[in-house]
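First comes the structure, then the notes that go with it.
The values are calculated or read from the model by the stated rules, or taken from the named source; none is laboratory data. Only a predicted model underlies this, so the values are computations on that prediction, with no experimental measurement involved. Positions of Cβ are backbone-derived with ideal geometry, glycine not excepted, and every protein chain shown enters the neighbour counts.
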Amino acid sequence: MTGAMKDRIQGAISRIVATAESRPQLSAVDAAPRPEKKEIIDILRLFQEVVYPGYFGDTVLYRDNLRDHLGDVLFRIHLRLSEEVEKAIEASAGRSAARKHAREIVTALFERLPEVSDRVAEDVQAAYDGDPAAKGFDELILAYPGVKAAFTYRIAHELHGLGVRLIPRIMTEFAHNETGIDIHPGAAIGRSFFIDHGTGVVIGETTTIGDRVKIYQGVTLGALSFPKNEHGELIREIKRHPTVEDDVVIYAGATILGGTTVIGRGSVIGGSVWLTTSVPALTRVTIAGDQLRFEARSLPQAPTGAGERPA
């Protein structure tokens, strides 16, 4: 390397370092420790071992070692997640208070975990009942992006509800990166939820989804506009995203926008439909030419195989 090249490199380094702290949007110099993304992803993988015993991890599980193994995994989750939660809340609570509060939050999450696992089991069953291509639970748990995204959302949503913000977002964005499905942890999603295929699905923070809802790839449940206050700042604590009631099916590429938009119970929204107004219950919405078509429909019977384990 020539002397001139060394001088150029040193000059560039000096300029980069000199301006490194001048961009508050990018700099965390001298800031309190923040949750570590890699650690949170590792913790999510440990949650998979607990919720799906025998499917993930390196240990072969039998009934004789199940309790000891899961107890060990849960102990590690509690220790490691408490440390990350402490970092997430320390700035507002102070170090000593944050440590105690973090342990309380993770313990509360553990107390809710059996119900979370119930919801995940219902999601897996809904995927089996809703997709004739699915040949068994193994395939759904190990290969379906919609199942993985819903699992991650269920964990993240509980943490979000316990007042933790950054960690749930890291969790769901990790799932977004792996599955193409973007679910905000603040969304409220009911039981037996199934996303088929899933790539390009977006579910916004204030979305409300009822029970037994099925959506396909490319569906957006988003905001119609972003209102601002008198200072020109975004108003954040309002409902911006739609409500989808029980037993709704939304086909590929549909876009539903707005906090006052309600898709009524048992409705079907056809592919590529764009909606910014509410839809009555038991309505089929499709595109005819360049116009939307609204037709009344009846609610189908539940699948005959519901609740059965596939062979």
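Tell me the residue from VAL164, VAL120, VAL116 that is touching a residue at least 60 places away in the same chain (Cβ under 8 Å), part of a loop (DSSP other than H, G, I, E, B) and either closer than 21 Å to HIS241 by Cβ or not aromatic (Phe, Trp, Tyr) (or both), please. Let's see the steps before the verdict.
On the way: VAL120 fails: part of a loop (DSSP other than H, G, I, E, B); VAL116 fails: part of a loop (DSSP other than H, G, I, E, B).
The match here is VAL164.
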Boolean, ARG23 is surrounded by fewer than 16 Cβ atoms within 10 Å (Cβ to Cβ), of a type in the set (Lys, Arg), part of a loop (DSSP other than H, G, I, E, B) and out of contact with any helix residue (DSSP H, G or I) (no Cβ under 7 Å at 6 or more places or on another chain): yes
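Condition first: at negative phi, at pLDDT 95 or above and not β-branched (Val, Ile, Thr). Now tell me which residues in region 273-295 satisfy that.
Here is the first cut: in region 273-295, the residues at negative phi are 273-281, 283-288, 290-295.
Then keep just the ones that are at pLDDT 95 or above; that gives 273-281, 283-286.
Selection gives TRP274, LEU275, SER278, PRO280, ALA281, ARG284.
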Residue hits (region 157-210; more than 15 Å from ASP123 (Cβ to Cβ) and of a type in the set (A, V, I, L, M, F, W, C)) are LEU159, LEU162, VAL164, LEU166, ILE167, ILE170, MET171, PHE174, VAL202
State whether one or more residues within region 212-226 are assigned to a loop (DSSP other than H, G, I, E, B), free of Cβ contacts under 8 Å to residues at least 24 places away in the same chain, in contact with a Lys or Arg (Cβ under 6 Å, 6 or more places away or on another chain) and surrounded by fewer than 18 Cβ atoms within 10 Å (Cβ to Cβ). no
Exactly one condition in (1) in a loop (DSSP other than H, G, I, E, B); (2) under 21 Å from SER192 (Cα atoms); (3) among the β-branched types (Val, Ile, Thr) is not met by ILE155; state its number. (1)
Which residues, taken from region 238-264, are out of contact with any His (no Cβ under 9 Å at 6 or more places or on another chain), in a loop (DSSP other than H, G, I, E, B) and either aromatic (Phe, Trp, Tyr) or buried (at least 19 other Cβ atoms within 10 Å of the Cβ) (or both)? ARG240, PRO242, GLU245, ASP247, VAL248, TYR251, ALA254
Among LEU66, LEU74, which is the only one that is more than 30 Å from THR207 (Cα to Cα), surrounded by fewer than 19 Cβ atoms within 10 Å (Cβ to Cβ) and within 22 Å of the chain's Cα centre (by Cα)? LEU74
So GLY186 ticks every box in (1) touching a His at 6+ places or on another chain (Cβ under 8 Å); (2) without any contact (Cβ under 8 Å) to a residue 24 or more places away in the chain but one. Which box is left unticked? (2)
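Can you confirm whether region 75-83 contains a residue that is in contact (Cβ under 8 Å) with a residue 12 or more places away in the chain, of a type in the set (Lys, Arg), in a helix (DSSP H, G or I) and out of contact with any Phe, Trp or Tyr (no Cβ under 6 Å at 6 or more places or on another chain)? Please lay out each step first, then the result.
Of all residues in region 75-83, those in contact (Cβ under 8 Å) with a residue 12 or more places away in the chain come to 76-78, 80-83.
Filter again for of a type in the set (Lys, Arg), leaving 76, 80.
From what's left, in a helix (DSSP H, G or I): 76, 80.
Filter once more, so that each one left must be out of contact with any Phe, Trp or Tyr (no Cβ under 6 Å at 6 or more places or on another chain): 76, 80.
Within region 75-83, one or more residues are in contact (Cβ under 8 Å) with a residue 12 or more places away in the chain, of a type in the set (Lys, Arg), in a helix (DSSP H, G or I) and out of contact with any Phe, Trp or Tyr (no Cβ under 6 Å at 6 or more places or on another chain).
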So, PRO35, is that one under 14 Å from VAL73 (Cβ atoms), assigned to a loop (DSSP other than H, G, I, E, B) and modelled with pLDDT of 85 or more or not? no
Meets criteria (among the hydrophobic types (A, V, I, L, M, F, W, C), surrounded by 17 or more Cβ atoms within 10 Å (Cβ to Cβ) and farther than 15 Å from ILE43 by Cα) for ALA134: yes
Only one of ALA31, ALA121 is within 21 Å of the chain's Cα centre (by Cα) and of a type in the set (Gly, Ala, Ser), namely ALA121
Six or more apart or on different chains, Cβ atoms under 7 Å: show the pairs whose first residue is in region 134-148 and touching a residue at least 24 places away in the same chain (Cβ under 8 Å) and whose second is buried (at least 20 other Cβ atoms within 10 Å of the Cβ) and among the polar types (S, T, N, Q). PRO145/THR179; LYS148/THR179
Among (1) without any contact (Cβ under 8 Å) to a residue 40 or more places away in the chain; (2) assigned to a helix (DSSP H, G or I); (3) of a type in the set (Phe, Trp, Tyr), which single condition is PHE56 missing? (2)
Can you pull out the residues in region 123-136 that are assigned to a helix (DSSP H, G or I) and among the charged types (D, E, K, R)? ASP123, ASP129
